[in-house]
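J.: Structure in structure tokens, see below.
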Amino acid sequence: MPTDEHKTRATSDRSVAEHTGIPQYEIRVDGHLASRWVDWFDGLDLTSEDDGTTVLRGPVVDQSGLHGLLQKLRDLGIPLLSLTQLPYGERADGPDIPTQPSHHNRSGATS
């Protein structure tokens, strides 16, 4: 798989988010999304994982923006596997601090 499709970096709002406290999210979906989708998902980082999933990760300004992202996934028929709000201080490109974020499965239960 080409490197640019394995992990795509979007840097447009990352530095602003890190300094303003904009919530960071990690959204895991079933299947691999090509790098061409990065703009459609508001500049979130897209990472294709070896387990056949894609992780969308980065700043989401507010709940309305989060719901908009989830609606895009729904409209495309892409199965949502998990949604995690990352603790403040955890960057979009990897953790700064050790964390144990909660994951919610499709039924809404926390694991």
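J.: Please go through the range 22-36 and pick out each residue that is within 15 Å of Q71 (Cβ to Cβ) and surrounded by fewer than 17 Cβ atoms within 10 Å (Cβ to Cβ). Don't jump to the end; show me each part of the working.
T.: Kept after step one, since they are within 15 Å of Q71 (Cβ to Cβ), are these residues of the range 22-36: 25, 27, 29.
Answer for the range 22-36, where residues must be within 15 Å of Q71 (Cβ to Cβ) and surrounded by fewer than 17 Cβ atoms within 10 Å (Cβ to Cβ): there is none.
Residues are listed down the side, and each one gets a yes or a no for (1) in contact with an Asp or Glu (Cβ under 7 Å, 6 or more places away or on another chain); (2) touching a residue at least 40 places away in the same chain (Cβ under 8 Å); (3) surrounded by 19 or more Cβ atoms within 10 Å (Cβ to Cβ):
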| residue | (1), (2), (3) |
| --- | --- |
| T54 | no, no, yes |
| R57 | yes, no, yes |
| V61 | no, no, no |
| G77 | no, no, no |
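J.: I would also like to ask the following. What residue, of D39, D50, is more than 17 Å from Q71 (Cβ to Cβ) and either out of contact with any helix residue (DSSP H, G or I) (no Cβ under 8 Å at 6 or more places or on another chain) or at pLDDT below 50 (or both)?
T.: Numbers: D39 fails: more than 17 Å from Q71 (Cβ to Cβ).
Exactly one of D39, D50 is more than 17 Å from Q71 (Cβ to Cβ) and either out of contact with any helix residue (DSSP H, G or I) (no Cβ under 8 Å at 6 or more places or on another chain) or at pLDDT below 50 (or both), namely D50.
J.: Does the range 85-93 contain at least one residue that is touching a Phe, Trp or Tyr at 6+ places or on another chain (Cβ under 9 Å), surrounded by 13 or more Cβ atoms within 10 Å (Cβ to Cβ), at pLDDT 50 or above and assigned to a strand (DSSP E or B)?
T.: yes
J.: Could you tell me whether E18 is at pLDDT below 55, in contact with a strand residue (DSSP E or B) (Cβ under 7 Å, 6 or more places away or on another chain) and either surrounded by 17 or more Cβ atoms within 10 Å (Cβ to Cβ) or basic (K, R) (or both)?
T.: Working: at pLDDT below 55: yes; in contact with a strand residue (DSSP E or B) (Cβ under 7 Å, 6 or more places away or on another chain): yes; either surrounded by 17 or more Cβ atoms within 10 Å (Cβ to Cβ) or basic (K, R) (or both): yes.
Against the criterion (at pLDDT below 55, in contact with a strand residue (DSSP E or B) (Cβ under 7 Å, 6 or more places away or on another chain) and either surrounded by 17 or more Cβ atoms within 10 Å (Cβ to Cβ) or basic (K, R) (or both)), E18 qualifies.
The values are calculated or read from the model by the stated rules, or taken from the named source; none is laboratory data. What you are looking at is a predicted structure, and each value in this text was computed from that prediction instead of being measured. Because the Cβ atoms are built from the backbone with ideal geometry, glycine has one as well, and the counts that use them run over all protein chains shown.
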